[in-house]
Amino acid sequence: MIPTFLFLAFITLILVGVPIGAALGLAGAVCIALANTDTQWFGVLAVPQNFYAGLGKYPLLAIPMFVLVGSIFDRSGVALRLVNIAISIVGRGPGMLPLVTIVVAMFLGGISGSGPACAAAVGAVMITVMSRAGYPHAFSATVLGAAASTDILIPPSVAFIIYSVLVPGASVRALFAAGMIPGILAGLALIVLAVWLSRKHNMGALEANLSRPPF
């Protein structure tokens, strides 16, 4: 009954508007108390100890640093500079802006290690530019979201760091090396599909009229 109560309590707390982290903690603490009714303080004193043991790991410090770097790239204009140099190389034409979006997202993902941080930095520049070129908002958002999702594979990856902390014996360097080639292949597959869809449905017809930044 306790596992069933755990899920029911978690879903109920979510439905009433409790934040996910608090809902997980509260539901778990109640279930621990129910499972240890014959022990002192119902075993709840073990919760803060396990909480600290789960977070007190040195590699986890890399995660906020990666997110900070992505935020710095967004605020300092580095993302815009990367977009401009990519456009100056590939030129203008149907499908070129989605290509630039994916390439820049992959490059930034290899620096920030965070998909949401990458999407925020690249999206602040590319969503407006793609809309001005005639791409539908839904297509632009889809391309950006798919491109940012490759960051889970391209090192450094926040997900790989968390996995190496949770799984004993998993090497961060080995995980990074293993994710490089699949991440690049995933990005190339996205580029082919995005360019093909753009040209098939004549999206971005106004892109050729936009100015090309000097190299």
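The values are calculated or read from the model by the stated rules, or taken from the named source; none is laboratory data. Just so you know, these numbers come straight off a predicted model, no measurement behind them. Don't worry about glycine lacking a Cβ; one is built from the backbone with ideal geometry, like all the others, and counts go over all protein chains shown. We work out accessible area using only protein heavy atoms, side chains counted, and drop any ligands, DNA or RNA first. Shrake-Rupley method; radii C 1.70, N 1.55, O 1.52, S 1.80 Å.
For this structure, a couple of remarks:
Results for (1) among the aliphatic types (A, V, I, L, M); (2) over 14 Å from the mean Cα position of the chain (by Cα), shown as yes or no for each residue.
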| site | (1), (2) |
| --- | --- |
| Ser114 | no, no |
| Ala121 | yes, no |
| Tyr135 | no, yes |
| Ala138 | yes, yes |
| Leu144 | yes, no |
| Ala159 | yes, no |
| Ile162 | yes, no |
| Ala178 | yes, yes |
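- Checked against the criterion of being in contact with a helix residue (DSSP H, G or I) (Cβ under 6 Å, 6 or more places away or on another chain), part of a helix (DSSP H, G or I) and of a type in the set (A, V, I, L, M, F, W, C), the candidates Phe107, Phe66 yield just one match: Phe66.
- Note on the stretch 123-165: among residues that are in a helix (DSSP H, G or I) and among the polar types (S, T, N, Q), the one that is surrounded by the most Cβ atoms within 10 Å (Cβ to Cβ) is Thr150.
- Selection of first residues in the stretch 58-84 that are closer than 21 Å to Pro214 by Cβ and of second residues that are polar (S, T, N, Q), restricted to Cβ pairs under 9 Å at least 6 apart or on distinct chains, gives the following pairs, ordered by first then second residue: Val83/Thr101.
- Residues satisfying the stated conditions in the stretch 139-168, i.e. farther than 18 Å from Val192 by Cα and free of Cβ contacts under 8 Å to residues at least 40 places away in the same chain: Ile152, Leu153, Ala159, Phe160, Tyr163, Leu166, Val167, Pro168
- Which numbered condition Leu185 fails, given (1) open to solvent by 50 Å² or more (accessible area, probe 1.4 Å); (2) touching a residue at least 12 places away in the same chain (Cβ under 8 Å): (2)
- Those residues of the stretch 113-122 which are farther than 15 Å from Gly77 by Cβ and part of a helix (DSSP H, G or I), in sequence order: Gly115, Pro116, Ala117, Cys118, Ala119
- Leading residue by the ranking (nearest to Ile85 (Cα to Cα)) among those in the stretch 194-214 that are at pLDDT 85 or above and open to solvent by 90 Å² or more (accessible area, probe 1.4 Å): Pro214
- Sole residue being buried (at least 20 other Cβ atoms within 10 Å of the Cβ) and closer than 27 Å to Glu207 by Cα, chosen from Phe107, Phe73: Phe73
- Whichever residue in the stretch 83-92 is modelled with pLDDT under 85 and of a type outside the set (A, V, I, L, M, F, W, C) and, among such residues, is surrounded by the most Cβ atoms within 10 Å (Cβ to Cβ): Arg92
One line per residue, one yes/no per condition, for (1) open to solvent by less than 80 Å² (accessible area, probe 1.4 Å); (2) of a type in the set (Lys, Arg); (3) at pLDDT below 80; (4) not in a helix (DSSP H, G or I):
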residue: Leu8; (1), (2), (3), (4): no, no, no, no
residue: Ala23; (1), (2), (3), (4): yes, no, no, no
residue: Trp41; (1), (2), (3), (4): no, no, yes, no
residue: Arg81; (1), (2), (3), (4): no, yes, no, no
residue: Pro94; (1), (2), (3), (4): yes, no, no, yes
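Matching residues to (1) more than 30 Å from Ala117 (Cα to Cα); (2) touching an Asp or Glu at 6+ places or on another chain (Cβ under 8 Å); (3) in contact (Cβ under 8 Å) with a residue 12 or more places away in the chain; (4) open to solvent by 60 Å² or more (accessible area, probe 1.4 Å):
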site	(1), (2), (3), (4)
Ile11	no, no, no, yes
Val30	yes, no, yes, yes
Asp38	yes, no, no, yes
Val47	yes, no, yes, no
Ala53	no, no, no, no
